[in-house]
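Here's the structure we're looking at; comments come further down.
Quick note: the coordinates plus some simple rules give every number you see, no bench work behind them. This one's a predicted model, so the numbers in the text were calculated from it and none came from an experiment. Don't worry about glycine lacking a Cβ; one is built from the backbone with ideal geometry, like all the others, and counts go over all protein chains shown.
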Amino acid sequence: MNIDDLKNTWKDDISDEAPEISIEHTNKINLPLEKIRRNMRMEFWSTIGILIFGFAIVWIPVAEAPFKFKFYLTILLFSMVIVVSFFFSKFFKLYKDISSPMMKTYDSLKDLMYQFDLNKQYYLSFLLSFVPFLLCELIIVIEFLPHRKPLSNFQVATTIISILAVGLFGLFLLGKYWYRIFYGKYVKQIENLVIELKK
Amino acid sequence: MTSIEQEFVHKIEKHKGIIFKISKMYMDDQDDRKDLFQEITYQVWKAYSSFRGESEFSTWLYRIALNTAIVFLKSEKRRSFIGNEDFTDYKIVQDEYDLEKEEKLSAMYKAINQLNPIDKAFIFYYLEDFSGKEIADQMGISEGNVRVKMNRAKNKLKDILNSK
C-alpha cells in the first residue's frame with residue numbers, strides 16, 4: 001500500500017464499532033494533569049495524616065511534658081496545617097483553571113508545560129515553607145528537653161545552624177527528586193512534544 | 001437529559017465515527033481506544049459551552065480530539081505489555097472484498113500507530129484533506145512549518161509502509 005492509497009482506505013473505514021456516546025467521565029485517569037492532581041490529593045491527605053500523627057505524639061506519649069512545650073508544638077503544627085491547606089488549595093485551583101484543549105495544539109502544549117513548571121515552583125516553595133516550622137520545633141525541643149549538662153551557647157548555635165543548612169539543602173533536593181520521580185516523566189513527555197512541534 | 005445535553009449528543013453522534021478513527025490512530029489496544037474515545041467525548045462536552053460557532057463544529061471538535069489524544073496516556077497495566085498491538089478486532093469475514101478492506105485498514109492503523117503523536121496529527125489532517133492554512137491554524141504553527149512537518153510525517157509513514 002502506498003501513501004496515496006491511504007486516503008481511500010481511510011475513507012473506507014466506516015465501521016460502526018464506535019462506542020455509544022456518553023458524557024459521563026469514566027473516572028479512569030489517562031491525562032497527565034489528572035495523574036498529577038490525583039497524586040497531589042494523595043500527598044495532601046498523607047501530609048494531613050502526618051500532622052495529625054504529630055498532634056497525637058505531642059499530646060499522648062509525653063503527657064507529663066510541660067504545658068508550654070505541648071502548647072508551642074501544637075501551635076506550630078496547627079500553623080503547618082494552615083500552610084499545607086493554603087498550598088494545596090493553590091495546587092487544586094491551578095489544575096482547575098488550566099489546560100484548555102480548545103487552544104491551538106502548540107499553544108495548548110506550551111500552556112501545559114508552563115503550568116507544570118509553575119507547579120514545580122509551587123512545590124519547592126511548599127517544601128521550603130516547612131523550614132521555619134522545623135527550626136522552631138527544633139528550638140523548642142532544645143529548650144525544653146532536660147540535659148544532664150546545659151548546652152553552651154556555641155553548641156546551641158552550631159546545632160541550629162547546621163541543622164538549618166542541612167535541612168534547607170535536604171528539603172530542596174528532596175523536593176526536586178520527589179517531583180522528578182512522580183511527575184518528571186509527564187513533564188518530559190510534554191517537553192518532547194513541544195520540541196517536536198517546534199523543530 | 002437536559003436540552004443542551006440532547007443537543008450535544010445529537011451533534012456529536014454524527015462525528016463519533018471520526019472520533020473513533022482518531023482513537024484507533026493513537027491507541028493500539030481496543031480498551032485504550034474506548035477509553036480515549038470516552039475521554040475525547042468528555043473533553044468536548046466540557047468545552048461545549050465555550051463553542052461560539054466561529055469555526056465549523058467539526059473543525060473545533062478535531063482540535064480538541066487531537067489535543068486530548070496527543071497527551072493521552074495508555075493504561076498503566078496495558079502499557080506494561082510491550083508490543084500488544086490489538087488489531088484482532090478487525091473482523092475476518094468470508095467476503096473477499098471485505099477481507100481485503102479489513103487487511104488494508106489493519107495495515108494502515110498498524111503503520112500510523114508507529115508514528116509519534118505529533119506526526120499522527122499531521123497525517124490525520126492530511127487524510128481529512130485539510131489545507132496547509134487550516135492545519136497551521138489548528139496546530140498554531142506557520143504554514144511553512146506545516147509543509148516541512150507534513151512532508152516529514154508522510155515520509156516516515158511511507159518508510160513504514162514500504163518496510164512491510
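If you rank B:W45, A:W178 by fewest surrounding Cβ atoms within 10 Å, what's the result? Spell out each step's value before the answer.
Working: B:W45 20, A:W178 15.
Ascending number of Cβ neighbours within 10 Å: A:W178, B:W45.
With an 8 Å cut-off on Cα pairs and a minimum separation of 6 or more residues, tell me the relative contact order of chain A in percent. Numbers along the way, then the final one.
Details: 80 pairs, mean separation 45.8, N = 199.
Once divided by the residue count of chain A, the mean separation gives 23 percent.
Before anything else, pin down the relative contact order of the range B:98-164: Cα pairs under 8 Å, at least 6 apart, normalised by residue count, whole percent.
Numbers: 31 pairs, mean separation 24.7, N = 67.
Contact order relative to length: 37 percent.
In whole Å, how far is the Cα centre of the range A:118-166 from that of the range B:104-164?
If we compute the Cα centre of each part, the gap is 57 Å.
Distance check, please: which entries in A:K35/B:K74; A:K7/B:K156; A:K185/B:K110; A:K93/B:K46; A:K35/A:K93 exceed 22 angstrom between their Cα atoms? Intermediate results must be reported in sequence, preceding the final value.
Details: A:K35/B:K74 12 Å; A:K7/B:K156 16 Å; A:K185/B:K110 26 Å; A:K93/B:K46 17 Å; A:K35/A:K93 15 Å.
Distance filter (> 22 Å) returns A:K185/B:K110.
Evaluate the distance, in nm, between pseudo-label points positioned 7 Å from the Cα of A:D16 and of A:S129 along their respective Cα→Cβ axes.
If labels sit at A:D16 and A:S129, their model points lie 5.6 nm apart.
Based on alpha-carbon atoms only, what is the radius of gyration of the range A:1-75 relative to the globular estimate 2.2 N^0.38 Å?
Working: Rg = 28.4 Å, N = 75, 2.2 N^0.38 = 11.3 Å.
It is 2.50.
Could you give log10 I(q)/I(0) at q = 0.07, 0.14 Å⁻¹ for the protein assembly as shown, computed by the Debye formula over C-alpha point scatterers of equal weight, without solvent?
The Cα Debye sum returns log10 ratios of -0.45, -1.17.
May I ask you to list, by number, the DSSP H helices of chain A whose Cα span along the axis is at least 30 Å and whose average Kyte-Doolittle hydropathy reaches -0.5 or more?
Details: long enough: A:32-59 (41 Å, 0.52); A:67-97 (45 Å, 1.14); A:105-128 (35 Å, -0.25); A:153-198 (60 Å, 0.74).
Helix filter hits for chain A: A:32-59, A:67-97, A:105-128, A:153-198.
What is the gain in length, in nm to one decimal, between A:K7 and A:L51 on full extension, counting 0.36 nm per residue of separation less the C-alpha to C-alpha distance? List each step's numbers first, then the result.
Working: separation 44, 0.36 × 44 = 15.84 nm, distance 6.02 nm.
So the extension gain works out to 9.8 nm.
Counting helices only, and only those DSSP H runs with n ≥ 4, report the 222 nm mean residue ellipticity of chain B as the sum of -39,500 (n - 2.57) divided by its residues, in deg cm²/dmol to the nearest 500. Don't skip to the end; give the middle numbers.
Details: 9 runs with 116 residues, N = 164.
Result for chain B, helices only: -22500 deg cm²/dmol.
Give the order of A:M80, B:M139 when sorted by the count of other beta carbons within 10 angstrom, beginning with the fewest.
Working: A:M80 19, B:M139 26.
Arranged by neighbour count, lowest to highest, A:M80, B:M139 become A:M80, B:M139.
Taking the C-alpha atoms of the range A:34-130, how large are the radius of gyration and the largest Cα-Cα span, Dmax, in Å?
18.2, 64
Quick check for me: using +1 on Lys/Arg Cβ and -1 on Asp/Glu Cβ, what's the dipole size of the protein assembly as shown about its Cα centre, in debye to the nearest 20? Intermediate results must be reported in sequence, preceding the final value.
Working: 50 positive and 47 negative charges, 382 e Å.
Using Cβ point charges on Lys, Arg, Asp and Glu, the protein assembly as shown gives about 1840 debye.
Using the count of nearby Cβ atoms within 10 Å as a rough guide to exposure, how do B:E13, B:E39 rank from fewest to most? Could the numbers behind the result be given before it?
On the way: B:E13 12, B:E39 22.
Exposure proxy ranking, most exposed first: B:E13, B:E39.
Given the options A:Q155, A:Q189, A:Q121, which has the most mean-square fluctuation in a GNM of chain A, springs set between C-alpha atoms less than 10 angstrom apart?
A:Q155
Would you please classify the overall shape of chain B from the alpha carbon gyration tensor, given that a ≥ b ≥ c denote the square roots of the eigenvalues, rounded means a/c under 1.5, and beyond that prolate means a/b larger than b/c while oblate covers the rest?
Numbers: a/c = 1.67, a/b = 1.20, b/c = 1.39.
Oblate, because a/c is 1.5 or more while a/b does not exceed b/c.
Kindly point out which whole DSSP H helices in chain B project their C-alpha atoms 18 angstrom or further along the helix axis while averaging a Kyte-Doolittle hydropathy of -1.0 or above. Please report the intermediate quantities before stating the final value.
Working: long enough: B:30-47 (26 Å, -1.26); B:57-71 (22 Å, 0.99); B:96-113 (25 Å, -1.03); B:143-162 (28 Å, -1.09).
Long hydrophobic helices here: B:57-71.
Just need the relative contact order of chain B here, percent rounded to a whole number, with Cα pairs under 8 Å and 6+ apart.
Working: 111 pairs, mean separation 36.4, N = 164.
Rounded, it is 22 percent for chain B.
Hey, rough spin-label estimate for B:A47 and B:S3, points 7 angstrom out along Cα→Cβ, what's it come to in nanometres?
Result for the modelled spin labels: 2.6 nm.
Select from the range A:10-40 those GluC sites (Glu not before Pro) which occupy a DSSP coil region and have at most 12 other Cβ atoms within 10 Å, ordered by residue number. Write down the numbers at each step before the final one.
Numbers: sites: A:E17, A:E20, A:E24, A:E34; in loops: A:E17, A:E20, A:E24.
Passing sites in the range A:10-40 are A:E20, A:E24.
Among B:K11, B:K24, B:K110, determine the one that fluctuates most according to a GNM of chain B built with springs between C-alpha atoms less than 10 Å apart.
Per the Cα network of chain B with a 10 Å cutoff, B:K11 tops the list.
Calculate the FRET efficiency for A:Q155 and A:F78 from the Cβ-Cβ distance with a Förster distance of 25 Å, rounded to the nearest 0.05. Intermediate values should be presented prior to the final figure.
Values: r = 30 Å, r/R0 = 1.20.
Given R0 = 25 Å and the Cβ-Cβ separation, E is 0.25.
FRET efficiency for B:Q30 and A:M113, Cβ-Cβ distance as r, R0 = 30 Å, nearest 0.05? Intermediate results must be reported in sequence, preceding the final value.
Details: r = 31 Å, r/R0 = 1.04.
After rounding to 0.05, the efficiency reads 0.45.
What's the FRET efficiency of B:V148 with A:F69 using the Cβ-Cβ distance as r and R₀ = 56 Å, to the nearest 0.05?
Efficiency computed from Cβ-Cβ geometry: 0.25.
Averaged across orientations, what area in nm² does the convex hull of the alpha carbons in chain A project?
On the way: hull surface 73.4 nm².
Across all orientations, chain A yields a mean hull projection of 18.3 nm².
Which log10 I(q)/I(0) values, to two decimals, does the range A:84-187 give at q = 0.20 Å⁻¹ under the Debye formula with one point per Cα?
These q points yield log10 I(q)/I(0) values of -1.04.
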